[in-house]
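Below is one structure, written out as structure tokens; comments come after it.
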Amino acid sequence: METTFIIGRIMAPYLIVTGLGFFLSKSFYKKSIEEAEKSDPVLINLSGMVHFLIGMTILTLHFRRNNLLETMISILGFLFTLKGAFIIALPVLTLKSNEASIKLLRVMGTGFTTAGLIIGYLSYLG
């Protein structure tokens, strides 16, 4: 099976579940954003490392832009890498909570769910 479909079939459920989580557990994610700066530094660094490694793995194995699915997966790889790099290099700035982040939970939930549904459709049925 082609790398694009494998990554898509892994990423789609993650994105859908995460997006739905932003809607179904809004108070948890709100509290998580508000208290992010108080998190254990080791866990913050570990989160950055995981994001960075997932992103770099995707980019190393899959840096293609020939169709919508390939482009979306490559963009996700780039975004994971970027988030990981920022969490590692600038943790305090990256995790600084603000009202805008909390207000964006609905937008993020919609974005994650929509991207997951599109990638899922293209990976499983496309």
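Out of everything in region 19-63 that is outside any helix (DSSP H, G or I) and open to solvent by 70 Å² or more (accessible area, probe 1.4 Å), what residue ends up being nearest to THR4 (Cα to Cα)?
Out of the qualifying residues, it is PHE63.
Give the residue that is farthest from PHE23 (Cα to Cα), with candidates limited to residues of region 73-84 that are in contact (Cβ under 8 Å) with a residue 24 or more places away in the chain and open to solvent by 40 Å² or more (accessible area, probe 1.4 Å).
Step by step, filter region 73-84, then rank; the result is LEU82.
The rows are residues; the columns are (1) of a type in the set (Asp, Glu); (2) under 17 Å from the mean Cα position of the chain (by Cα); (3) at pLDDT 90 or above; (4) more than 16 Å from SER101 (Cβ to Cβ).
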position: GLU2; (1), (2), (3), (4): yes, no, yes, yes
position: LEU15; (1), (2), (3), (4): no, yes, yes, yes
position: GLY21; (1), (2), (3), (4): no, yes, yes, no
position: PHE28; (1), (2), (3), (4): no, no, yes, no
position: SER39; (1), (2), (3), (4): no, no, no, no
position: LEU61; (1), (2), (3), (4): no, no, yes, yes
position: GLY77; (1), (2), (3), (4): no, yes, yes, yes
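Which of the following residues is crowded, with 19+ Cβ neighbours inside 10 Å and at pLDDT 95 or above: GLY116, GLY120, GLY111? Full working, then the answer.
Working: GLY120 fails: crowded, with 19+ Cβ neighbours inside 10 Å; GLY111 fails: crowded, with 19+ Cβ neighbours inside 10 Å.
Only one candidate passes the filter, namely GLY116.
Taking region 85-107 as the region of interest, how many residues are open to solvent by less than 70 Å² (accessible area, probe 1.4 Å), at pLDDT below 95 and not polar (S, T, N, Q)? Lay out the reasoning, then the answer.
Applying the first criterion (open to solvent by less than 70 Å² (accessible area, probe 1.4 Å)) to region 85-107 yields 85, 87, 91, 94-95, 97, 100-102, 105.
Those left that are additionally at pLDDT below 95: 87, 91, 94-95, 97, 100-102, 105.
Filter once more, keeping what is not polar (S, T, N, Q): 87, 91, 95, 100, 102, 105.
Within region 85-107, residues that are open to solvent by less than 70 Å² (accessible area, probe 1.4 Å), at pLDDT below 95 and not polar (S, T, N, Q) number 6.
Could you check, for region 2-9, whether at least one of its residues is free of Cβ contacts under 8 Å to residues at least 40 places away in the same chain, more than 25 Å from VAL92 (Cβ to Cβ) and not hydroxyl-bearing (Ser, Thr, Tyr)? Give the steps one after another, and end with the answer.
Keep residues of region 2-9 that are free of Cβ contacts under 8 Å to residues at least 40 places away in the same chain, which gives 2, 6.
Checking the rest, the ones that are also more than 25 Å from VAL92 (Cβ to Cβ) come to 2, 6.
With the extra rule that they be not hydroxyl-bearing (Ser, Thr, Tyr), the set shrinks to 2, 6.
Taking every residue of region 2-9 in turn, at least one turns out to be free of Cβ contacts under 8 Å to residues at least 40 places away in the same chain, more than 25 Å from VAL92 (Cβ to Cβ) and not hydroxyl-bearing (Ser, Thr, Tyr).
The values are calculated or read from the model by the stated rules, or taken from the named source; none is laboratory data. Just so you know, these numbers come straight off a predicted model, no measurement behind them. Cβ sites come from the backbone with ideal geometry, for glycine too, and all protein chains shown count toward neighbours. Surface areas here come from the heavy atoms of the whole protein model, side chains and all, with no ligands, DNA or RNA. Shrake-Rupley method; radii C 1.70, N 1.55, O 1.52, S 1.80 Å.
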